[in-house]
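Only one structure is covered here, and it is reproduced in the block below.
The values are calculated or read from the model by the stated rules, or taken from the named source; none is laboratory data. None of these values were measured; they are calculated from a predicted model. FYI the Cβ positions are ideal-geometry reconstructions off the backbone, even for glycines, and counts take in every protein chain you see.
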Amino acid sequence: MGRIAEMRKAKRTFPAVLWMLVSGCTVEPTEFRPPTAAGSLSVYQADLFYQKIGTGRPIVVVHGGPGLDHSYLRPWLEPLAETYQIVLYDQRGLGGSDATLDAESITMELYLTDLDRIRERVAERERVTILAHSWGAIPALLYALERPERVESLILVNPVEPGARFQEETNARVTARRDPADQRAIDSLTATPAFAQNDVATLNQVFFHVFRGTFSDPLRADSLLELDLHRRTAQQGQRVAALLMTPLQGLDFWDELPTLDVPVLILHGDGDPIPMEMVQALDEALPRSQLVVIQDAGHFPFIEQPGVFLGAIQQYLDALDPTP
């Protein structure tokens, strides 16, 4: 793809995103149960699993990773379905989405094509709002840069960096925030045969110990003990991540951001290991963005501060053009 190829820079390194940082957990059932529909959409060597929750103007959700699925986001976004239709899907080869696992099928170009087909055939709108978490901000921003006429607005939740300017600081903060006991547990678990065989229960435990350091208050991470990865995600996540990310080494599109003529809301937990300076730079680079910092929250503000998180999104969407 032209734009992606042009934005690769040989002497720059794409940020080392820990795909394990962006999964989530289940929550207790709520009283509200919006209408739900699910299905599968065939797109070039893949069958994409999707769910539509609620009715109204669609918000297409791009989950984090790479190498995860949408399930960790659904419980926390479901309240938005009282007003909007929430469209969630699993990226190819993950969760409920099957795909050929090779370098031709797992590419950023096809990730963008998948997003476009979800917009067209599932959301069924010419223009949609896209909500992306963590690494999901990368395909979301690239999609908006390539097809701005199809994006009503972007909501970037604790986005990773579109380059490597803050990579060293980010890595240092991730390491510093991890409790030694968690690191010992990670080292022990990842040395087991069960981990090598992608055992779901073992991976769940690894993720819990990795995620704790991304919370503003690690005690709030206890709900992650309920994490239950989709079997396909557990078995194929690391393979999908490697196939996708290897060709993207050097991708950097900081300089492209000032050309993006799309409204953008950036939500960032003040306790996230991703530096505040990075999201402030992102806010400054985007011509039509606003940054909302959520206090006492880390990389998962929808878990730690769900009321503030949902309120910020609702206020932002209410302020946009209300014409359906």
Anything in the stretch 249-298 that is hydrophobic (A, V, I, L, M, F, W, C), under 20 Å from GLY67 (Cβ atoms) and more than 17 Å from the chain's Cα centre (by Cα)? List them, or say none.
LEU251
Out of curiosity, is ASP255 part of a helix (DSSP H, G or I) and either touching a helix residue (DSSP H, G or I) at 6+ places or on another chain (Cβ under 9 Å) or surrounded by fewer than 16 Cβ atoms within 10 Å (Cβ to Cβ) (or both)?
yes
Would you pick out the residues in the stretch 233-249 that are touching a residue at least 60 places away in the same chain (Cβ under 8 Å), out of contact with any helix residue (DSSP H, G or I) (no Cβ under 7 Å at 6 or more places or on another chain) and aliphatic (A, V, I, L, M)?
VAL240, LEU243, MET245
Identify, by number, the condition in (1) touching a helix residue (DSSP H, G or I) at 6+ places or on another chain (Cβ under 6 Å); (2) at pLDDT below 95 that ASP90 doesn't meet.
(2)
Show me the helices (runs of 4 or more DSSP H) entirely contained within the stretch 263-319 in which 2 or more residues are touching a strand residue (DSSP E or B) at 6+ places or on another chain (Cβ under 6 Å).
276-285, 306-319
All positions within the stretch 73-127 that are among the aromatic types (Phe, Trp, Tyr) and more than 26 Å from ASP228 (Cα to Cα):
TYR84
Mind checking which residues of the stretch 77-94 are surrounded by fewer than 24 Cβ atoms within 10 Å (Cβ to Cβ) and part of a loop (DSSP other than H, G, I, E, B)?
THR83, TYR84
If you check every pair at least six apart or on different chains, which have Cβ atoms under 6 Å apart with a residue in the stretch 36-65 that is of a type in the set (Phe, Trp, Tyr) first and a residue that is crowded, with 23+ Cβ neighbours inside 10 Å and part of a loop (DSSP other than H, G, I, E, B) second?
PHE49/ASP90; PHE49/SER97
Give the residues of the stretch 233-252 that are crowded, with 20+ Cβ neighbours inside 10 Å and part of a helix (DSSP H, G or I), sorted by residue number.
THR233, ALA234, GLN236, GLY237, VAL240, ALA241, LEU243, LEU244, MET245
Would you confirm, using the coordinates I've provided, whether THR129 is touching a strand residue (DSSP E or B) at 6+ places or on another chain (Cβ under 9 Å), among the hydroxyl-bearing types (Ser, Thr, Tyr) and within 19 Å of LEU41 (Cα to Cα)?
no
What number of residues within the stretch 24-64 are of a type outside the set (Phe, Trp, Tyr), modelled with pLDDT of 90 or more, in contact with a Leu (Cβ under 9 Å, 6 or more places away or on another chain) and surrounded by 17 or more Cβ atoms within 10 Å (Cβ to Cβ)?
15
Unique match (being in contact with a Gly (Cβ under 8 Å, 6 or more places away or on another chain) and either polar (S, T, N, Q) or surrounded by fewer than 20 Cβ atoms within 10 Å (Cβ to Cβ) (or both)) among SER153, SER134, SER97:
SER134
Residue list for the stretch 174-210, filter: aliphatic (A, V, I, L, M) and more than 24 Å from the chain's Cα centre (by Cα)
ALA181, ALA185, LEU189, ALA191, ALA194, ALA196
